[in-house]
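Structure first, commentary second.
The values are calculated or read from the model by the stated rules, or taken from the named source; none is laboratory data. Since the structure is predicted, the reported quantities are computational estimates derived from the model, not experimental observations. Neighbour counts are summed over all protein chains in view; Cβ atoms, including those assigned to glycine, are modelled from backbone coordinates with ideal geometry.
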Amino acid sequence: MEISITTLLDFTGTFAFAVSGIRMASGKQMDWFGAYIVGLVTAIGGGTLRDLLLGVTPFWISDGKYFLTTGIALLTTLIFKEKLFRLGSTLFLFDTLGLGLFTVVGITKSMASGLPMWACIVMGAVTGSVGGVVRDILLNEVPLLLRRDIYALACVAGGIMYFTCSLLKFPTGITEVIAAVTVIVIRIMAVRYKLHLPVLEPIKKKV
């Protein structure tokens, strides 16, 4: 059975986001089932909102492989927890990987629905970032999307790169990989060099 690049990115992103959710849940003293649920909603949250906005049945309802992939992520985390939990960057790396991969998945699925370019870019950002927002809310954390970190903006940049490559007639598979890498690199560089947009400062009252 031939597997498309989009499908590969989809399930790799599912695994990465699930691990990020499970890894973060571990710090909240949750049991295995609770960690599984957090990992699952992290993996399917963005895609679910995307499908609801597109007016189609959410993807996971007709495909149980997303539940299985999350289970594999939980099992992997349990087996390698000593190494994964010891690395402080584990959560960031898996979250960043999922962000880049799901952005591309969101764009390609939106294009298949006939949406214009700008809407596809928005849907890519939704697919990539909303799962992390749901995860953070469930764990009582301030969502990364609302912090100074460059997060959804990296998704937008990846979307722009996707359509730039399309205009240059790059093969679809190469276009998808370049777009995903763009998101990942921007996110890593932003954190590494502490890059962020200007902060909206409150107006100081005159004394």
Test residue 177 against the criterion of being in a helix (DSSP H, G or I) and in contact with an Asp or Glu (Cβ under 7 Å, 6 or more places away or on another chain), and give yes or no. no
Going by the structure shown, is residue 16 touching an Asp or Glu at 6+ places or on another chain (Cβ under 8 Å), small (Gly, Ala, Ser), closer than 27 Å to residue 186 by Cβ and not in a loop (DSSP other than H, G, I, E, B)? yes
Tally of residues being without any contact (Cβ under 8 Å) to a residue 40 or more places away in the chain and within 17 Å of residue 105 (Cβ to Cβ) across the range 145-195: 10
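Yes/no per residue for (1) touching a Leu at 6+ places or on another chain (Cβ under 6 Å); (2) among the hydrophobic types (A, V, I, L, M, F, W, C):
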{"position": "16", "(1), (2)": "yes, yes"}
{"position": "22", "(1), (2)": "yes, yes"}
{"position": "28", "(1), (2)": "yes, no"}
{"position": "33", "(1), (2)": "no, yes"}
{"position": "41", "(1), (2)": "no, yes"}
{"position": "48", "(1), (2)": "no, no"}
{"position": "61", "(1), (2)": "no, yes"}
{"position": "64", "(1), (2)": "no, no"}
{"position": "76", "(1), (2)": "no, no"}
Looking at the range 118-137, is at least one residue modelled with pLDDT under 95, in a helix (DSSP H, G or I) and surrounded by fewer than 19 Cβ atoms within 10 Å (Cβ to Cβ)? yes
